[in-house]
1. Using Cα pairs closer than 8 Å and at least 6 residues apart in sequence, work out the relative contact order for the chain, in percent.
2. Roughly to the nearest percent, how much of the accessible area of the chain is carbon and sulfur, given a 1.4 Å probe?
3. Heavy-atom accessible area per residue, region 285-397, 1.4 Å probe: how many Å²?
4. Taking the Cβ-Cβ separation of Phe166 and Leu74 as r and a Förster radius of 41 Å, what is the calculated FRET efficiency to the nearest 0.05?
5. Roughly what would the spin-label model give for Leu311 and Ile256, points 7 Å off Cα along C-beta, in nm?
6. Taking 8 Å as the Cα distance limit and 6 or more residues as the minimum spacing, I'd like the relative contact order of region 1-155 as a percentage.
7. Could you work out how far apart the two model spin labels at Ser98 and Leu296 are, taking each label as a point 7 Å from the Cα in the direction of the beta carbon, and quote it in nm?
8. Using a Gaussian network model on the chain with a 10 Å cutoff between Cα atoms, which of Asp304, Asp253, Asp76 fluctuates the most?
Amino acid sequence: MNAMLRARGGDSGPQGFAVRLAVFYGAIFGALGVYLPYLPVWLAWRGLTPAEIGMVTAAPLFARIIATPTITFLADRRGDHTETILALAWIGAIAVASLTLASTFWPILLLVAAFQIVNQSILPLTEAKAMAGVRAHGLEYGRIRLWGSLSFIAANLIGGGVLAVFGGGGIIYFVLISVILTIAAGYALPVVRSGQRAEAASAHKPVRLVDLRQLITAPWFIVLMTASGCIQASHAVYYAFSAIHWRGHGISDTWIGILWALGVLAEVGLFAYSGPVMRRLGAAGLMLLGGVAAALRWGVMAFDPPFALLLALQCLHGLTFGATFLGALYILQNSVPENQAGSAQGLHAALAPGIVTGVVTVIAGQIYEPLQALSYIAMAGLALVGTVAAIALPRLVPKEAAPAHKRVDG
């Protein structure tokens, strides 16, 4: 693998770095856009019961709480995220290829868990790599990341076509193709030129467990996890029950798909103009905006608004998810040394969108049936908790901690 990386050389400047990262984001989110909505369909086609499908889809969420921070910590220790990303991508491909032959519960459970753990660990390492390029080249992260969101939408649409033509059995092969494309895009990821690599290696200080303990217990990190976790977790009712609720109120499947796509397109719009917005509001300001928008969005949705207003509320997804996500990402970039970047992103992924969202999703499952749309009131309250935490962030976050030496290889 080292030889292959050396053979393709270093990055070709800011534009080359941006293009290669954009291609990889497109590939990895294309894979996500296939298996997140359609894997349960394949599981049902394989004959698993609803209870077994629930176990298969839930198990990786809890396993990644430990697995993702461990993997990202080891990647930081190596100081070379590209090789770790490629190794994880290959493991994921082997797991999916094995799934095409699996037909019983336990092998499927283990293989799906392995696949999702490695794929969810690739994401924070890619974020760390992207933010290193943003720092080194003066790029706008959002303009790179938006290609992932667009690819996610395209994969959703293509996956629906595959399902219509080939049935549930064809889904796993579409997942396999998307994972192979991820590997191919991984070999095009930008790396440091040989001279830069030697300089970076000499300057690299391996991250230690004590560094992570200090990070986890730092007041600013706790408040950041509270803000990000509460605002992102406030989407739990929307993610789990919006389609069911809208169908119950007579909205067609086609329009439900459009509503979801509209939310992702709003996210893309924010990513496209994230540079000017970031310069105007700052990272903490973005998180505050995301929290306020989430409280408003869920507060109105609790009262079953008319369809025209629902369209407008879906556009707030660019703030409720996109602004919150970008704010947390930039705060982590500017507040931890580069040798801890992957570990910090991995901890954030495990704690905020991981544990907090998982717990709130379980609670959402308990309150939706008796409350229906009014369950969004609880989500609005949770968003307000995150908003209060976001207000405290500017006074707590440390000044930029990354070293003057700017490595391109995340």
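1. Once normalised by length, the contact order is 29 percent.
2. Carbon and sulfur together cover 71 percent of it.
3. On the way: 4040 Å² over 113 residues.
I get 36 Å² per residue for region 285-397.
4. According to the calculation, E is roughly 0.60.
5. Label-label distance for Leu311 and Ile256, simple model: 2.0 nm.
6. 44
7. Output for this residue pair reads 4.9 nm.
8. Asp253
The values are calculated or read from the model by the stated rules, or taken from the named source; none is laboratory data. Bear in mind that the values here come from a model prediction, so they are computed numbers and not experimental data. No Cβ is skipped: glycine too gets one built from the backbone with ideal geometry, and neighbour counts run over all protein chains shown. Each accessible area value is taken on the protein alone, full model and side chains, heavy atoms only, with ligands, DNA and RNA left out. Shrake-Rupley method; radii C 1.70, N 1.55, O 1.52, S 1.80 Å.
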